[in-house]
Amino acid sequence: MNRRKFHMVNDNQKKVQFVLFVILIFNFLVAGMKMLAGSIISSSAMVADGFHSLSDGSSNIIGIIGIQLATKPEDEEHPYGHDKIEIISALVVGFMLVFVGLKAIYDSITKYIAGVRPSISKQSIIVIIITLVINIIVVILERKQGKKLGSAFLITDANHTKSDIFVTIGVFISLILLKFGAPPILDVIVTFFVGFVIFKTAYEVLTENGNILIDAKSVDDKDILNVLEQFDGITDVHKIRSRGTKNRIFVDMHIHVNPDMTVREAHTLNHAIINAMKNKFGSCTETNVHIEPKL
């Protein structure tokens, strides 16, 4: 990677880290409010929701550390850079979510068997409303910045926090119903709902980032062929491959050209394709073109 490109990626990652730090503060604030209020009123669902928010904050810490490592430039041992450290960080978040979901369900069943009944207060309902508003702001901010900065981690983390909104709404409804005399089993049912949402989020996080880690296709072949249509010198395209993250894509392809094409003309065509791919998929896209004579 040339120096200019490295500085561009490095600056971009620093912006991602700053966004994560801001979101981290909000997530820990929300988690603390939910867990404290849930403990006071003995609501397993609310405490579980707090743990869910705490996992949001934990994922921010992992992301900040992971992205710091990912900004290291290419070296002899890592010729493709260190981008996948960010993906590994996201996978850690996914496994954390599985643990959080299991613990939430276990705690709710234990409390129900022990006969602990939630004692709902107006203050706890106000806490839920405040945290819900904060979560909505966090999702909007993080998703917007994730798309702007091309960060797979920010987008993944925004989806994680988005699930927190639906969970919080479910907890809010259960608190209202319990306030008006609903049976304690409702708290357990809502906790199972919270656990289901957490497991679903974990599956999405693990699947999306796992595919990146095992080099699943990152760009549709049709989109690549559409880029190549503008070049008259290409007679055939095959062996198209792509991998990488939304922030950095690697593309390989073989093209057939007229066998009478000079080396200079082939070289010019190669760089034109590379530039066209950058314009289409982002400046950090790296394209490797293998030019072959048409037989």
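The values are calculated or read from the model by the stated rules, or taken from the named source; none is laboratory data. From a predicted model like this one, the values you see are computed outputs, not experimental measurements. Using ideal geometry, Cβ is built from the backbone for each residue, glycine included, and neighbour counts are taken over all protein chains shown. Please note that ligands, DNA and RNA were not included when accessible areas were found on the heavy atoms of the full protein model with its side chains. Shrake-Rupley method; radii C 1.70, N 1.55, O 1.52, S 1.80 Å.
A 20 angstrom limit on the alpha carbon distance is what I want to check against. Which of LYS148/LYS200; LYS217/LYS294; LYS14/LYS144; LYS103/LYS144; LYS144/LYS200; LYS84/LYS147 exceed it?
LYS148/LYS200; LYS217/LYS294; LYS103/LYS144; LYS144/LYS200
Students often get this wrong: which residues of the range 243-272 have the backbone nitrogen under 17 Å from the point 7 angstrom along Cα-to-C-beta of LYS278?
Residues passing the 17 Å test: 247-252, 267-272.
Which semi-axes, in whole Å and largest first, does the equivalent ellipsoid of the range 113-224 have when worked out from the alpha carbon gyration tensor as the square roots of 5 times its eigenvalues? All intermediate terms of the calculation are to be shown ahead of the outcome.
Working: eigenvalues 266, 60, 15 Å².
Calculated on Cα positions only, the semi-axes equal 36, 17, 9 Å.
Pairing the Cα long axis of helix 3-41 with the longest principal axis of the chain, what angle in degrees results, from 0 to 90 and rounded to the nearest 10?
For helix 3-41, the angle is close to 10 degrees.
Over the heavy atoms of THR262, what accessible area does a 1.4 Å probe trace out, to the nearest 10 Å²?
About 70 Å², ignoring ligands and nucleic acids.
Determine the order of MET33, MET277 by accessible area, beginning with the largest, at a probe radius of 1.4 Å.
My answer, sorted largest first, is MET33, MET277.
What is the diffusion coefficient of the range 46-160 in µm²/s, taking the Kirkwood radius over Cα pairs and the Stokes-Einstein relation at 25 °C with a viscosity of 0.890 mPa s?
D = 149 µm²/s.
Would you mind listing how long the range 1-214 runs along its three principal axes, going by Cα atoms, in whole Å with the largest first?
For the range 1-214, the Cα spread along each principal axis is 66, 29, 20 Å.
What is the Cα radius of gyration of the range 169-248 over 2.2 N^0.38 Å, N being its residue count?
Normalised Rg, Cα atoms only: 2.06.
Could you rank the peptides 139-149, 38-48 by their average count of other C-beta atoms within 10 Å per residue, with the highest value first?
On the way: 139-149: 17.7, 38-48: 23.7.
Result, highest mean Cβ count within 10 Å first: 38-48, 139-149.
So for each of 200-206, 288-294 I average, over its residues, the number of other beta carbons within 10 Å; can you give me the resulting order with the highest mean first?
With the highest mean Cβ count within 10 Å placed first, the list reads 200-206, 288-294.
How much length is gained if the chain between GLN230 and LYS217 is pulled fully straight, taking 0.36 nm per residue apart and subtracting their Cα-Cα distance, in nm to one decimal?
Separation in residues times 0.36 nm, less the Cα-Cα distance, equals 2.4 nm.
Counting pairs of alpha carbon atoms under 8 Å apart in space and at least six apart in sequence, what relative contact order in percent does the chain give?
Numbers: 444 pairs, mean separation 52.2, N = 295.
It rounds to 18 percent for the chain.
If one takes the longest principal axis of the Cα atoms in the chain, at what angle in degrees, from 0 to 90 and to the nearest 10, does the Cα axis of helix 263-281 lie?
Between helix and principal axis, roughly 20 degrees.
When the Kirkwood radius is taken over all Cα pairs of the range 104-176, what Stokes-Einstein diffusion coefficient follows at 37 °C and 0.692 mPa s, in µm²/s?
Stokes-Einstein gives a translational diffusion coefficient of 233 µm²/s.
How large is the Kirkwood hydrodynamic radius of the range 221-293, in angstrom, based on all distinct alpha carbon pairs?
Answer for the range 221-293: a Kirkwood hydrodynamic radius of 12.4 Å.
Angle between the Cα long axis of helix 185-213 and the longest principal axis of the chain, 0 to 90 degrees, nearest 10?
Once rounded, the angle reads 10 degrees.
Express in nm, to one decimal, how much length is gained between TYR106 and PHE192 on full extension, taking 0.36 nm for each residue of separation and deducting their alpha carbon distance.
That pair, TYR106 and PHE192, stretches by 30.0 nm at full extension.
What is the percent carbon and sulfur in the accessible area of the range 233-294, measuring with a 1.4 Å probe over the protein chains and ignoring ligands?
Here carbon and sulfur together make up 50 percent of the probe-accessible area.
Obtain the nm distance between the two label points defined at ARG241 and SER119 by a simple spin-label model: each point lies 7 Å from its Cα along the Cα-to-C-beta direction.
It is 6.5 nm.
Grab the DSSP H runs of the chain that are 4 residues or longer, score each as -39,500 (n - 2.57), total them, divide by all residues and round the 222 nm result to the nearest 500 deg cm²/dmol.
Helices in the chain give a 222 nm mean residue ellipticity of -25000 deg cm²/dmol.
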